[in-house]
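Report on one structure; see the data block that follows.
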Amino acid sequence: MYYNYMAYIAVHHQEKCKRCGVCVEIVDCPGSAKEICLGCGACVLACPNEAMELVESPREKEVTIEVDGMFAQVPEQISVKDALIGLGYQINALPSESPGGIFAPCDVGGCWSCAMEINGIVKPACRTEVKNGMKIRVEPPKEYIPRRIVEGFLGHPVGGVGTPWRVKGDGTSLVEAACFATGCNFRCPQCQNWILTYKGSGDPLTPGKAAEKLTSTRRELGVNRLLISGGECTLNRPWLVQFIKELRVLNPDKDAHFHVDTNGSLLTHDYIDELVDAGMTDIGIDLKALETSTFMLITGLKDRELAEKYKEIAWEAVYYLAHNYSDKVFVGVGIPYNRALNSITEITHIAARICEIDPFIQVTALNYGPAFRSHITRPEDKEMEAVRTILKGTGLKVVLSQTTQGYVGP
Ligand code: FES
C-alpha cells in the first residue's frame, strides 16, 4: 500500500508553561510510558496556556502493519489513526458520513468513536501506537459493545439548556442526576468544561454500566431527571443511543426524564429519530451562532467548511425537533452572549430565527466568561437582563438569562 504522511512531535515551550499539570494528569499521553511522542496532539489541544506545539519530525524507521488484510510500511512512533490517514483513509466529519472512513472527532481518547480492532482488542486509533506486525481491522467486531469515558455521576443544580424552566429551581437544590462524556469536536477557547472535554484517561464505560451508575445516582438523590452532557455527548452515536435505551429500561416510571445537552453539530435527522426512539425526552442545543465567522470564533474551529456544516446541522436539528417531535421532546436552545464574541444584533437575529421556527422554544442566553484559554470578561448581570429583554422583544415566549446569581426569567 502507498503512504504519504507527515509525522510530528509535540514541543514544550517552557516560557509559556505554568506547571498546571494538565498535560500529565488530564491528557492520557500514549507515549509517556516509553518517553516518546507519537505527535497525536492531545497535549496541544488540552494545554490551557498553549505551551505545547506540534512540529514536523520525520521518523527514521518504518514498521509493517496489516490493515484489513493489506500490508503497509508506515513510520514508527505514530498513532494508528495517523498511519491510516497516511494510507489514504478518509476522516469523516460526521459519524455516518462515508462507510470505511474514520470518525475521530475528539483526538484525545475520550469518545472512542475511532475505536477499531487492533491485535484482537478494540482500542481508540488516536491513542494507539503503530507497532511492527500489528493487525488492524478498521471496523470493530460485530459483538463489540461501544465504550467511552464518562465522568460525573453527581447531582446537578438547575440543570442545563434542555431543562425546562419550571423545574430548574433556584440553584439551592439538585434537579438532575448528571454525567459527562469526555471529548468534543469543538475547540472553544472559552470552554467551561475543558477538563472533561480534553480528558482521555480513565476506564471507558459501556452504555449499560454508565446507565447503571446514573440510575443509582438518581436513586441516591431522589430526582427524576437524568442528564448526559459533556464534552460532547453525541460523538459516539452507537454508545449514546444504547445508553438512552438502557436508561429507559432501568427507569421505566413515567416521572423519569432523559435529557441530552449537546452542541447539536452531529444531530442529523436520522440521529434524532434514533435518540427519540431510544427514549430521549428532553434536549438542550447550544447553537453558538448564526454567522459562520462568529461560529468559528466561539468554537475555535479553523475549517470554515466544516464549521458551516456543523452550524447548519445544529440549526436544522432545532427545526426538525420542533416540527416533528414537539409532542414528545422538550427542546431548549442556548445562545451564548459576550460582546467580545458576538453582538446584540447577531443574537437578536438568532432569536428572530428561533421565533420563526417556534416562538415557544425555551431560549437561554448564556453569560460566557473567562475559562480555559479565554480571558474575556463575563457580562454583568444587568447586561444579561437587558439581553433577555431584547430577546423577548423578538416574540420569543420563554427566555432565560444566565447570571452570576442563577437563571432569570422567563
Ligand atoms: S477521536 Fe479517538 S477517542 Fe475520540
How about the range 139-160: which of its residues are among the hydrophobic types (A, V, I, L, M, F, W, C) and either at pLDDT 95 or above or in contact with a Pro (Cβ under 9 Å, 6 or more places away or on another chain) (or both)?
Ile145, Ile149, Val150, Phe153, Leu154
Among (1) hydrophobic (A, V, I, L, M, F, W, C); (2) under 18 Å from the mean Cα position of the chain (by Cα); (3) surrounded by 24 or more Cβ atoms within 10 Å (Cβ to Cβ), where does Ile272 come up short?
(3)
Taking the range 99-138, which residues are away from the ligand (no atom under 12 Å from the Cβ), farther than 21 Å from Val44 by Cβ and touching a strand residue (DSSP E or B) at 6+ places or on another chain (Cβ under 7 Å)?
Gly101, Glu117, Ile118, Asn119, Lys131, Asn132, Gly133, Met134, Lys135, Ile136, Arg137, Val138
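Restricting the search to the range 344-376, which residues are in contact with a Lys or Arg (Cβ under 8 Å, 6 or more places away or on another chain), within 25 Å of Tyr198 (Cβ to Cβ) and crowded, with 16+ Cβ neighbours inside 10 Å?
Across the range 344-376, the qualifying residues are Asn367, Tyr368, Gly369.
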Condition first: assigned to a strand (DSSP E or B), more than 22 Å from Ile136 (Cβ to Cβ) and touching a Cys at 6+ places or on another chain (Cβ under 7 Å). Can you find one or more residues in the range 36-52 that meet it?
yes
When both residues are 6+ apart or on different chains and their Cβ atoms are under 7 Å apart, which pairs have a first residue that lies in the range 107-126 and is aromatic (Phe, Trp, Tyr), and a second that is within 6 Å of the ligand (Cβ to nearest atom)?
Trp112/Pro124
Please count how many residues of the range 165-181 are surrounded by fewer than 17 Cβ atoms within 10 Å (Cβ to Cβ) and modelled with pLDDT of 85 or more.
2
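Looking for whichever is of a type outside the set (Phe, Trp, Tyr), more than 15 Å from the ligand (Cβ to nearest atom) and in the same structural domain as Thr281 (by TED's automatic domain parsing) here; the options are Thr163, Thr197. Which one fits? Working first, answer last.
Values: Thr197 fails: more than 15 Å from the ligand (Cβ to nearest atom).
Unique residue meeting the criteria: Thr163.
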Check whether at least one residue in the range 248-255 is touching a Leu at 6+ places or on another chain (Cβ under 7 Å), away from the ligand (no atom under 16 Å from the Cβ), of a type in the set (A, V, I, L, M, F, W, C) and modelled with pLDDT of 95 or more, and report yes or no.
no
Among (1) more than 24 Å from Phe186 (Cβ to Cβ); (2) without any contact (Cβ under 8 Å) to a residue 24 or more places away in the chain, which single condition is Phe360 missing?
(2)
Let me spell it out: the conditions are (1) more than 16 Å from the ligand (Cβ to nearest atom); (2) buried (at least 24 other Cβ atoms within 10 Å of the Cβ), and Thr234 meets all of them except one. Which number is the exception?
(1)
For the structure I just gave you, tell me whether Leu391 is touching a strand residue (DSSP E or B) at 6+ places or on another chain (Cβ under 9 Å) and in contact (Cβ under 8 Å) with a residue 40 or more places away in the chain.
yes
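The values are calculated or read from the model by the stated rules, or taken from the named source; none is laboratory data. The structure displayed is predicted, hence computed values, not measured ones. Cβ atoms come from the backbone with ideal geometry, glycine included; neighbour counts cover every protein chain shown.
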